[in-house]
Amino acid sequence: MTIIKKLWIGIGILALLSPLGLIIPALLGAGGAWGEWEIDMIEKIVGFVPEGMKRLADSGKAPLQGYAVPGQSKGLVNESFVYILSAIIGIALAAAIMFLLAKLLVRRKKGH
Amino acid sequence: MHIPDGYLGPLTYGVMYAATVPFWAIASWKMNRTLKAKQAPYLAIGAAFSFVIMMFNIPIFGGTTGHATGATLISILIGPWAATIAVSVALIIQALLFGDGGITAIGANCFNMAIAGVFVGYGVYRLVSMGSTVGSRRRLVAGGVAAYVSLNISALLTAIQLGIQPLIERSSSGEPLYAPFPLSVAIPAMAIEHLFLFGFVEAVITALVIRYFQKNEPEMLG
């Protein structure tokens, strides 16, 4: 087996294990990362929402906001399933874009 | 440490974009000069690895979470310039597709993790491993130490960018317009959790993977 194949197997295993990144924090009742709170959480912490933050904070409009599908059913099992899907999508996109960038850059050599 | 939209004011996020773009440009130029076509698959895996490793949120006392970035490990395997691009690609996808990290904050997040994290990690690794052989224990320790320092530098930069907001982005009545936590809060909060937990996680992951390559595919580290 080539190195690349082994590495991809490793990445695949990581993708399948990714729900641990949801489950373990949930088990310990942890919230999000420090300084990454949503507006309503900020209001709870400091008592108000800073003006600029109100203006700039996105209203959750990313296509797969929070590694979840809009309208997905609640529950750790569902979230985990979508989390793995998100991992696969992100991995595939990251690899594809990086691969393309690499190919583009190699081709741009002078006299090539 | 993916800073969301709304935490950094335009002064900061503008400067961070300005700081990041030259690195991307130089990285592209460097890759153009040194890259061989057969390396493309490894670069792709680097970006993929960075993306997926950041999905492993780790809880810490106080109820927050953190994650590793893989910046140091990737820089060791594909070089710092390619690693800058690889981690940036992962971060940009996270911001645009998953809302993990703000769009205005892409410059800052990329600077903190994909540039500072990568170059500090790579620099410390090269320093500590200087003169050692590929399979040596020193390489392993170098990777771990480098990863630890690298992640903490990323965290510190993040904390500084957040913590100066109440100072530099204020309303006429002195109210913070963006991130409301001063340096005296932001720095200890970020530093403690990265010094005492997440830095070690990054170090262990890095060391484990280096160990794997040392035993199985040492040419990847050569």
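From the residues in region B:49-76 that are hydroxyl-bearing (Ser, Thr, Tyr) and under 11 Å from B:Ile205 (Cβ atoms), which one is nearest to the chain's Cα centre (by Cα)?
From region B:49-76, those hydroxyl-bearing (Ser, Thr, Tyr) are B:50, B:64-65, B:69, B:72, B:75; that's our starting set.
Within this subset, residues satisfying the condition of being under 11 Å from B:Ile205 (Cβ atoms) are B:69, B:72.
Values: B:Thr69: 5, B:Thr72: 8 Å.
Out of the qualifying residues, it is B:Thr69.
Within the set B:Ala114, B:Ala86, B:Ala47, B:Ala95, the sole residue that is more than 10 Å from every other protein chain (Cβ to nearest Cβ) and either of a type outside the set (Val, Ile, Thr) or free of Cβ contacts under 8 Å to residues at least 40 places away in the same chain (or both) turns out to be B:Ala114. Only one entry in A:Leu14, A:Leu22 is outside any loop (DSSP other than H, G, I, E, B) and closer than 30 Å to B:Pro218 by Cα, namely A:Leu14. Mind checking whether some residue in region B:145-157 is without any contact (Cβ under 8 Å) to a residue 60 or more places away in the chain and within 11 Å of another protein chain (Cβ to nearest Cβ)? There is no residue in region B:145-157 that is without any contact (Cβ under 8 Å) to a residue 60 or more places away in the chain and within 11 Å of another protein chain (Cβ to nearest Cβ). When we screen A:Ile23, A:Ile9, A:Ile84 for residues that are more than 7 Å from chain B (Cβ to nearest Cβ) and touching a residue at least 60 places away in the same chain (Cβ under 8 Å), the only hit is A:Ile84. The set of residues from region B:16-48 being of a type in the set (Val, Ile, Thr) and touching a Gly at 6+ places or on another chain (Cβ under 8 Å) comprises B:Thr20, B:Val21, B:Thr34. The residues of region B:10-35 that are of a type in the set (A, V, I, L, M) and surrounded by 14 or more Cβ atoms within 10 Å (Cβ to Cβ), listed by number, are B:Val15, B:Met16, B:Ala19, B:Ala27, B:Met31, B:Leu35. Residue check: is B:Phe181 crowded, with 17+ Cβ neighbours inside 10 Å, touching a residue at least 24 places away in the same chain (Cβ under 8 Å) and of a type outside the set (A, V, I, L, M)? No: the conditions fail for B:Phe181.
Taking B:Tyr7, is it surrounded by fewer than 19 Cβ atoms within 10 Å (Cβ to Cβ), under 30 Å from B:Arg170 (Cβ atoms) and of a type outside the set (A, V, I, L, M)?
Numbers: surrounded by fewer than 19 Cβ atoms within 10 Å (Cβ to Cβ): no; under 30 Å from B:Arg170 (Cβ atoms): yes; of a type outside the set (A, V, I, L, M): yes.
So B:Tyr7 does not fit the description; no.
In the set B:Leu11, B:Leu35, only one residue is facing another protein chain (nearest Cβ under 8 Å) and not hydroxyl-bearing (Ser, Thr, Tyr); that residue is B:Leu35. Screening B:Val141 with (1) surrounded by fewer than 21 Cβ atoms within 10 Å (Cβ to Cβ); (2) more than 19 Å from B:Thr69 (Cβ to Cβ); (3) of a type in the set (A, V, I, L, M); (4) within 11 Å of another protein chain (Cβ to nearest Cβ) gives one miss only, at (4). Of the residues making up region A:6-37, just one is over 16 Å from the mean Cα position of the chain (by Cα) and of a type in the set (D, E, K, R), namely A:Lys6. Selection of region B:176-193 for residues being more than 21 Å from B:Gly102 (Cα to Cα) and more than 7 Å from chain A (Cβ to nearest Cβ) yields B:Ser184, B:Val185, B:Pro188, B:Ala191, B:Ile192. Contact map, region B:14-29: residues that are at pLDDT 95 or above paired with residues that are loosely packed, with under 13 Cβ neighbours inside 10 Å, Cβ distance under 6 Å, separation 6+ or inter-chain. No pairs are found. If we scan region A:48-57, do we find a residue that is surrounded by fewer than 18 Cβ atoms within 10 Å (Cβ to Cβ), at the interface with another protein chain (Cβ under 7 Å from one of its Cβ atoms) and on the phi < 0 side of the Ramachandran plot? The answer is yes, given that some residue of region A:48-57 is surrounded by fewer than 18 Cβ atoms within 10 Å (Cβ to Cβ), at the interface with another protein chain (Cβ under 7 Å from one of its Cβ atoms) and on the phi < 0 side of the Ramachandran plot.
The values are calculated or read from the model by the stated rules, or taken from the named source; none is laboratory data. Just so we're clear, the structure is a prediction, and the values are computed from it rather than from any experiment. Cβ atoms come from the backbone with ideal geometry, glycine included; neighbour counts cover every protein chain shown.
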